[in-house]
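Worksheet: one structure, shown below.
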Amino acid sequence: MIPKRFRAWDGKEYWYANDNLMFINNYAAKYLHEALGYFKLTDIEQFIGKVDYNKTQIYENDIICNPMIDPDKKFQVIWAHQECGFRKVPLNHDSPITKIDEAFMEVVGTIREN
């Protein structure tokens, strides 16, 4: 079972939720019911249940690549409604949608930071 982990973008930086769904950023914290008034729903992203080869957790909207095959080919992690799961698409494109199954994926950023 994938642990339910979330992060939220406030326009400048990410807030990460703990197991009690309290979003924390430095010394500030907001419970989920407070956060929904602070963040837009589209700013809340979910952990996809996978880590890259550096053990970095992969979240929705992360930018990933496979440096062993082609470090210049980057993908965005998305929720694919038609697949009912997290998939990757080439950065700045909407197809092809493919599984995130490569062993040597690396998180190189997020769409919010680029």
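The values are calculated or read from the model by the stated rules, or taken from the named source; none is laboratory data. Note that this is a predicted model, so its numbers are computed, not measured. FYI the Cβ positions are ideal-geometry reconstructions off the backbone, even for glycines, and counts take in every protein chain you see.
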Discussion item. Which numbered condition in (1) of a type in the set (A, V, I, L, M, F, W, C); (2) in a strand (DSSP E or B); (3) at pLDDT below 95; (4) out of contact with any helix residue (DSSP H, G or I) (no Cβ under 7 Å at 6 or more places or on another chain) is the only one that PHE23 fails?
Written reply: (4)
Worksheet item: Before we move on, is ILE69 under 28 Å from ALA103 (Cβ atoms) and either surrounded by fewer than 12 Cβ atoms within 10 Å (Cβ to Cβ) or not basic (Lys, Arg) (or both)?
Response: yes
Worksheet entry | Some residue of segment 57-78 being on the phi > 0 side of the Ramachandran plot and modelled with pLDDT of 90 or more | yes
Discussion item. Based on this model, can you work out whether LYS40 counts as exposed (fewer than 15 other Cβ atoms within 10 Å of the Cβ), modelled with pLDDT of 90 or more and of a type outside the set (Gly, Ala, Ser)?
Written reply: no
Discussion item. Being in contact with an Asp or Glu (Cβ under 9 Å, 6 or more places away or on another chain), assigned to a strand (DSSP E or B) and of a type in the set (Gly, Ala, Ser): is that true of GLY11 here?
Written reply: no
Practice prompt. Name every residue in segment 60-82 that is more than 18 Å from GLU45 (Cα to Cα), charged (D, E, K, R) and out of contact with any Gly (no Cβ under 9 Å at 6 or more places or on another chain), in order of residue number.
Written response: ASP70, ASP72, LYS73
Practice prompt. Say whether the condition of being of a type in the set (Phe, Trp, Tyr) and part of a loop (DSSP other than H, G, I, E, B) is met by at least one residue in segment 65-80.
Written response: no
Worksheet item: Does ALA103 satisfy being more than 17 Å from LYS4 (Cβ to Cβ) and surrounded by 14 or more Cβ atoms within 10 Å (Cβ to Cβ)?
Response: no
Worksheet entry | Residues of segment 81-109 classified as more than 15 Å from TYR59 (Cβ to Cβ), of a type outside the set (S, T, N, Q) and in a loop (DSSP other than H, G, I, E, B), total | 13
Discussion item. Is it the case, given these coordinates, that ASN61 is within 19 Å of GLU113 (Cα to Cα), surrounded by 16 or more Cβ atoms within 10 Å (Cβ to Cβ), touching a residue at least 40 places away in the same chain (Cβ under 8 Å) and among the polar types (S, T, N, Q)?
Written reply: yes
Worksheet, complete the sentence: When (1) of a type outside the set (Val, Ile, Thr); (2) surrounded by 17 or more Cβ atoms within 10 Å (Cβ to Cβ); (3) at pLDDT below 95 are applied to ASN54, the one that fails is (2)
